[in-house]
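Let me begin by presenting the structure, written as structure tokens, before commenting on it.
The values are calculated or read from the model by the stated rules, or taken from the named source; none is laboratory data. Owing to the predicted nature of the structure, the values given are computational and were not obtained by experimental measurement. Virtual Cβ from ideal backbone geometry, glycine too; neighbours counted across all protein chains shown.
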Amino acid sequence: MRRTQATMNSMEQMKENLKAEIASAVTKAGLAAPEEVPDVMLEQPKEKEHGDFATNMAMQLTKIAKKNPRQIAEELTAEMDYAKASIEKIDIAGPGFINFFLDNAYLREIIPAVLEAGADYGRTDVGGGERVQVEFVSANPTGDLHLGHARGAAVGDSLCNILDMAGYNVTREYYINDAGNQVEGLALSVEARYLQALGHEAALPEDGYHGDDVKEIGERLAEENGDRYAGLPEEERLAIFRELGLKKELDKLKADLSAFGVTFDEWFSETALYESGEIEETLMLLKEKGYVYEADGAVWFKSSEFGDDKDRVLVKNDQTYTYLMPDIAYHKNKLDRGFDSLINIWGADHHGYIPRMQAAIQALGYAHDTLDVEIVQMVNLLRSGEKVKMSKRTGNAVTLRELMEDVGLDATRYFFAMRSADTHMDFDMDLAVSESNENPVYYVQYAHTRLCSIFRQADERGITYDPAVDLSPVASEKEYDLLKKIGEFPEVVADAARLHAPHRMTNYLHELAASFHSFYNAERVMDQENEAKTKARLVLAKAVQITLQNGMRIIGVSAPERM
RNA sequence: GGCCCAGUAGCUCAGUUGGAUAGAGCAACGGCCUUCUAAGCCGUAGGUCGCAGGUUCGAAUCCUGCCUGGGUCGCCA
């Protein structure tokens, strides 16, 4: 979906002007017919000498115009209207790049736009209000959240924030696996811990849950209820423990995630799908569509018709469902609720599961790309330079809660958001804990702190902040660099949304902070000799502060006033 | 063995979907605090983009083959 003129900031409009001017120069120079002109690619060169913007149009036209790129560039630029696109100078460089040097005064127009938008600066309508549902974490309610879940939570929540800023209508959802064997295991484990707490001989089941959290639940139940449950018949007792265990585990999950800055719009129970009959309904639907058959006493889904390696069992020969069956019903439920697209964030150990879920989406009659599954890769935790192996079953894993206690919320969120989700990552606890320049999260926060300090000082000196002040004193190279960075923000949000790539936001924040630190060291905001400049720079500083805050909010990192 | 992810500076990672001399952070080296917080800035050094072919004006990026690490291949969830 295209951005409207009205939602573009001045930098984006400048880019559009320049693009239009380039396209029209191409046809004026007779290099290509209007319908053959390629999309104009405008990039911001890394090197200053390569101008403010550059295009590779001349190279793209070699095939159509049948000339060498440098000659094309000459002919093209001869037709450009400098005044119309605020061009000061054009260079032709390298293999045929056209470099544009602009009159950067227009960049100042970004400042009032940022101030006016405030917390909404960066918000666009590229999502067009599309309803997207993001399912993430969805850890079984049988233990604490570990590192992988933490990464999934950080990535998922940041992505949701990004999608929201990019104009999507986002619903965050957690799928509770409260119907399978693992919940039986939980009930048995709670029972064992409860009986142990009362001093009875009781062994944890072999595949039970050894975590401290389950132990605490058993002990708590013993404290609160004494031996009230010990005398009950086994079946009755387990039913109680199943329910109580689930409730306590869920309360803990919610509390831990909330402390991590992650909340959900919906906690969706698998059991509800059994109770509503939707699982049976979904199975019937697949049968009607002819995607189901019986063999070897089981019921199979013809997922191989949609690109899966082989068909999958839906109903086992003991007549119970596999995990897949309710999951298909769950996704049908999502689609029935009217979402335009679904995003699932899964751990790496589930990646083999993607083709069958995609097959199910298609069997239900939806396009393949209705569901996008983002894989969050493994996390290696390093402590004192050594790998900490995680194992949920034995309870040796480092939990999200421990991580937050040791490392802190901000560093944890930033570290996970910092890396692209589908790559393996090392989480260096010593680095994340260190309160030093080795720690990347402080770099960004420190920039914000410096801004706050400037405003405090200005206040103490009685300098009034006036957003309506004349901004023309903002004209140095460092200031223009800063303004360019600020102007990029909406585009960064939109790109991060399109690519489902939250780590682009941390990259951007680091660049913005770097641009500010560089400015801060080179020039003073408050200049006692020059009140006009001081006041103008305070307004610039406010725009930087707003942009930083908006970016940090997206990542779930706090913007401290002092450090 | 099939499929998925990864392999880029000493370390941890980016690389705007094919563009210019491949970039950051940390570590190393040299500078900058009587001036808004030095958790900062400025500079130097650091590379066979796993390997070999191919596609083209142009490849870290796309294609093929191979090597290495991890994951996954159940009528578990």
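Points to keep in mind about this one:
Conditions tested, residue by residue: (1) outside any helix (DSSP H, G or I); (2) over 16 Å from A:Asn521 (Cα atoms); (3) at pLDDT 95 or above; (4) within 27 Å of the chain's Cα centre (by Cα).
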residue	(1), (2), (3), (4)
A:Ile454	no, no, yes, no
A:Ile463	yes, yes, no, no
A:Glu488	no, yes, no, yes
A:Val492	no, yes, no, yes
A:Asp495	no, yes, no, yes
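- Restricting the stretch A:345-372 to residues that are among the β-branched types (Val, Ile, Thr) and more than 16 Å from RNA strand B (Cβ to nearest atom) leaves a set whose member that is farthest from A:Val313 (Cα to Cα) is A:Thr370.
Conditions tested, residue by residue: (1) outside the structural domain of A:Glu477 (by TED's automatic domain parsing); (2) within 16 Å of RNA strand B (Cβ to nearest atom); (3) of a type outside the set (D, E, K, R); (4) at pLDDT below 95.
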| position | (1), (2), (3), (4) |
| --- | --- |
| A:Ile98 | yes, yes, yes, yes |
| A:Arg108 | yes, no, no, yes |
| A:Leu115 | yes, no, yes, no |
| A:Gly148 | yes, yes, yes, yes |
| A:His200 | yes, no, yes, yes |
| A:Gly208 | yes, yes, yes, yes |
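- Positions within the stretch A:44-63 being in a helix (DSSP H, G or I), modelled with pLDDT under 85 and touching a Phe, Trp or Tyr at 6+ places or on another chain (Cβ under 8 Å), in sequence order: A:His50
- Taking the criterion of being of a type in the set (Gly, Ala, Ser) and either within 13 Å of RNA strand B (Cβ to nearest atom) or crowded, with 22+ Cβ neighbours inside 10 Å (or both), the only residue of the stretch A:310-338 that qualifies is A:Ala329.
A quick yes/no check of all residues on (1) outside any helix (DSSP H, G or I); (2) over 23 Å from A:Val262 (Cα atoms); (3) touching a Phe, Trp or Tyr at 6+ places or on another chain (Cβ under 7 Å):
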{"residue": "A:Lys485", "(1), (2), (3)": "no, yes, no"}
{"residue": "A:His500", "(1), (2), (3)": "yes, no, no"}
{"residue": "A:Leu509", "(1), (2), (3)": "no, no, no"}
{"residue": "A:Ala514", "(1), (2), (3)": "no, yes, no"}
{"residue": "A:Tyr520", "(1), (2), (3)": "no, yes, no"}
{"residue": "A:Arg524", "(1), (2), (3)": "yes, yes, no"}
{"residue": "A:Gly551", "(1), (2), (3)": "no, no, yes"}
{"residue": "A:Met563", "(1), (2), (3)": "yes, yes, yes"}
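- Residue list for the stretch A:208-224, filter: without any contact (Cβ under 8 Å) to a residue 60 or more places away in the chain and either part of a loop (DSSP other than H, G, I, E, B) or not charged (D, E, K, R) (or both): A:Gly208, A:Ile217, A:Gly218, A:Leu221, A:Ala222
- The one condition in (1) over 26 Å from the mean Cα position of the chain (by Cα); (2) surrounded by fewer than 21 Cβ atoms within 10 Å (Cβ to Cβ) that A:Gly118 fails to fulfil: (1)
- Among the residues of the stretch A:421-455, those identified as within 7 Å of RNA strand B (Cβ to nearest atom), more than 19 Å from A:Ala513 (Cβ to Cβ) and surrounded by fewer than 16 Cβ atoms within 10 Å (Cβ to Cβ) are A:Asp422, A:Thr423, A:His424, A:Asp426.
- Close pairs (7 angstrom Cβ cut-off, 6 or more residues apart or separate chains): more than 16 Å from RNA strand B (Cβ to nearest atom) in the stretch A:20-47, polar (S, T, N, Q) anywhere: A:Pro34/A:Thr27
- Any hit, the stretch A:542-560, residues being within 11 Å of RNA strand B (Cβ to nearest atom), among the basic types (Lys, Arg) and more than 25 Å from the chain's Cα centre (by Cα): no
- Contacts under 8 angstrom Cβ, first residue in the stretch A:293-316 being assigned by TED's automatic domain parsing to the domain that holds A:Ile279 and within 21 Å of A:Glu281 (Cα to Cα), partner surrounded by fewer than 16 Cβ atoms within 10 Å (Cβ to Cβ) and basic (Lys, Arg), 6 or more apart: A:Ala298/A:Lys316; A:Ser303/A:Lys310
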